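S.K.: Here it is: the structure, laid out below.
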Amino acid sequence: MSRPETLRTASDLVAAGLVTESRAVDVERVSERYAVAITPAMADLIDRNDPADPIARQFVPDAAELVTLPEERADPIGDLAHSPVEGIVHRYPDRVLLKAVHVCPVYCRFCFRREMVGPQGLGTLSPEAMDRAFAYIAEHSEIWEVILTGGDPLILSPRRLAEITERLAAIAHVKIVRFHTRVPVVAPERIDADLIAALKGSGKTTYLAVHANHPRELTSEARAACSRLADAGIALLSQSVLLRGINDDPDVLAELMRGFVETRIQPYYLHHPDLAPGTSHFRLSIAEGQSLVAGLRGRISGLCQPTYILDIPGGHGKAVIGPNALHEKGGGSYAVSDFRGIEHAYPPDL
Ligand code: SF4
């Protein structure tokens, strides 16, 4: 039996029962502008009978993507403003992004780098550009952490990933290597012994941030892939985007965060959606986001609490935008809200 293929065209999506013939024209128009890919694992997960299926909404193109608002921008988090050499983003003093590849196993419809990834994106770094990127890291002794992102670095073969991690092994001031990836969830079969050995090839402390947005993505196959990574000594973190129609519900968010912890993934970032072109149908207001995040407090364990983050447009970095429990009253006094929203004086009234 032949292996199922990743779906990439309107006719693939029609044949797989994911869009009707009448919507195929919209999919075609969107795919002329933005890349499309749905792995077999994600295609299997989509409920064809649910027109609002949260997995379909993440991967099946929608005509709404053709609407770009004035505040949306091609590079919403300002990567290019902080790129000293091709493939490197040096925004914070002690860490850099290394973007070796701009290809992904799936293309998320809300992607913040949607103008950079895909077949028409920034491509893969040439060997010469890779040399310049490594020279930059080696010359900057303040770089403590290298974050491999892109694109999805785990789309690379184990051999090519090992070439990267082995080069990082030779740079003594780099202590931490972190990968940002969707692969354990959308293509869990790729997480095998060779890939794990390549991820650990630097010999440094290795972190892997798993991107998932809905608890149904944490299938038994995805959980098993994460177990293989955790058992190999790779520390796992979560990354999710708060998305309208996908996880803008306290029960869904709670189940997602619990699912991460059950899978030994430490909840880390819950991103407010970036101002990427054609993504306004996914965006909530910050007030809605804060209310959802406030709803997690008390409802689920402290282990399950993500940090709600906004990437400030223009490349100014991340800001924590979670609800503030503390309100200054003057004279060193505060009102502190408990998880039910009830305020208490601090220090307590005498
Ligand atoms: S996996 Fe990440 S970089 Fe790739 S399309 Fe999804 S959000 Fe964008």
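S.K.: Label points 7 Å out from Cα along the Cβ direction at Lys329 and Ile312: separation in nm?
M.R.: Rounded to a tenth, the inter-label distance reads 3.1 nm.
S.K.: Sort out the exposed loop chymotrypsin sites (Phe, Trp or Tyr not before Pro) in the chain (DSSP loop, at most 15 other Cβ within 10 Å) and tell me the longest stretch that has none.
M.R.: The answer is 145-338.
S.K.: Please give the net charge around Asp338, taking every other residue with its beta carbon less than 14 angstrom from that of Asp338, where Lys and Arg add +1 and Asp and Glu add -1.
M.R.: Details: positive: Arg297, Arg299, Arg340; negative: Glu343.
Once positives and negatives cancel, what remains is +2.
S.K.: Apply 1/(1 + (r/R0)^6) to the Cβ-Cβ distance of Trp144 and Asp47, taking R0 = 41 Å, and write down the FRET efficiency to the nearest 0.05. All intermediate terms of the calculation are to be shown ahead of the outcome.
M.R.: Values: r = 44 Å, r/R0 = 1.07.
Working from the Cβ atoms, E equals 0.40.
S.K.: Then there's this: Which net charge results for the neighbourhood of Glu28, defined as the other residues with beta-carbon distances under 14 angstrom from its beta-carbon, given Lys and Arg at +1 and Asp and Glu at -1?
M.R.: On the way: positive: Arg8, Arg23, Arg29, Arg33; negative: Asp12, Glu21, Asp26, Glu32, Asp62, Glu65.
Computed value for this residue: -2.
S.K.: Taking the square root of 5 times each eigenvalue of the Cα gyration tensor, what semi-axes in Å does the equivalent ellipsoid of the chain have, largest first?
M.R.: Details: eigenvalues 198, 153, 87 Å².
Whole-Å semi-axes of the equivalent ellipsoid: 31, 28, 21.
S.K.: Follow-up. What distance in nm separates the two pseudo spin-label positions at Ala15 and Ala197, each 7 Å out from Cα along the beta-carbon direction?
M.R.: 3.6 nm
S.K.: What are the ³J(HN,Hα) couplings of segment 170-181, residue after residue, when phi is run through the Karplus curve with 6.51, -1.76, 1.60 and θ = phi - 60°? Round to Hz, x for glycine and proline.
M.R.: Those phi angles translate into 7, 9, 5, 6, 7, 9, 10, 10, 10, 10, 10, 8 Hz.
S.K.: Also, I was wondering about something else. To the nearest 0.05, how large is the calculated FRET efficiency for Glu166 and Gln266 if R₀ is 35 Å and r is the Cβ-Cβ distance?
M.R.: Numbers: r = 27 Å, r/R0 = 0.77.
That gives a FRET efficiency of 0.85.
S.K.: Between Tyr346 and Ala135, what length comes free when the chain is fully extended (0.36 nm per residue of separation minus the Cα-Cα distance, one decimal in nm)?
M.R.: On the way: separation 211, 0.36 × 211 = 75.96 nm, distance 5.21 nm.
Full extension from Tyr346 to Ala135 adds 70.7 nm.
S.K.: Please give the calculated 222 nm ellipticity per residue for the chain, where each DSSP H segment of at least 4 residues contributes -39500 (n - 2.57) and the sum is spread over every residue; nearest 500 deg cm²/dmol?
M.R.: Details: 11 runs with 103 residues, N = 350.
About -8500 deg cm²/dmol.
S.K.: Ok, one more. Hey, quick one: spin label on Lys175, modelled 7 Å out along Cα-Cβ, who in segment 229-246 has an amide N within reach, i.e. under 17 Å?
M.R.: Taking a point 7 Å out along Cα→Cβ of Lys175, the residues of segment 229-246 whose backbone N falls under 17 Å are 235.
S.K.: Take the Cα atoms of segment 10-66, build their convex hull, and give its volume per residue in Å³. Kindly include the intermediate steps, with their values, before the conclusion.
M.R.: Values: hull volume 4.4 nm³, N = 57.
Enclosed volume per residue, from the Cα hull, is 76 Å³.
S.K.: Considering every Cα-Cα pair within segment 173-321, what fraction, in whole percent, is farther apart than 18 Å? The partial results should precede the final answer.
M.R.: On the way: 6390 of 11026 pairs.
Every Cα pair in segment 173-321 considered, those over 18 Å come to 58 percent.
Where a number appears in this text, it was derived from the coordinates with a stated rule and is not lab data. Note that the structure is predicted; figures quoted are calculated from it, not measured. Virtual Cβ from ideal backbone geometry, glycine too; neighbours counted across all protein chains shown.
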